[in-house]
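Quick notes on the structure that follows.
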Amino acid sequence: MPPALDAQCTYLADRMSTKLRWSLTVDRAQRDTLRKLAVSCESTDAEFERM
């Protein structure tokens with residue numbers, strides 16, 4: 001995670017967009033961590049196109 005708090009939501013959105021775009025999987029631990037971190041990013045959208 002980036003150390004700057006204002007960059008963390010962008011990082012999370014980019015990470016999720018990449019996983020969704022390429023149909024990559026996440027394990028339970030990754031999913032739980034991403035959900036916990038995303039709680040503070042309510043106004044951030046993850047945009048993607050399936051490949």
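The values are calculated or read from the model by the stated rules, or taken from the named source; none is laboratory data. Because the structure is predicted, anything quoted here is derived from the model rather than measured. Positions of Cβ are backbone-derived with ideal geometry, glycine not excepted, and every protein chain shown enters the neighbour counts. Calculation scope for accessible area: heavy atoms of the full protein, side chains included, ligands and nucleic acids excluded. Shrake-Rupley method; radii C 1.70, N 1.55, O 1.52, S 1.80 Å.
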request  = Enter the accessible area per residue of the chain (Å², integer; probe 1.4 Å; all protein chains in place).
outcome  = 84 Å²
task = Would you mind checking the tilt of helix 5-21 against the longest principal axis of the Cα atoms of the chain, expressed as 0 to 90 degrees and rounded to 10?
result = 10 degrees
key: Degrees, to the nearest 10: 28-38 long Cα axis against longest axis of the chain   = 50 degrees
task = Determine the share of the chain's accessible area contributed by carbon and sulfur atoms, expressed in whole percent, with a 1.4 angstrom probe.
result = 52 percent
Packing-based order for 41-51, 13-23, using average beta carbon neighbours within 10 Å, highest first = 13-23, 41-51
key: Label corresponding to P(r) over Cα pairs in 10 Å bins from 0, in percent when calculated from the structure given, among (1) 19, 43, 34, 4; (2) 25, 55, 20, 0; (3) 21, 39, 35, 5   = (2)
request  = Describe numerically, in nm with one decimal, the distance between label points set 7 Å from Cα along Cα→Cβ at residue 40 and at residue 10.
outcome  = 1.6 nm
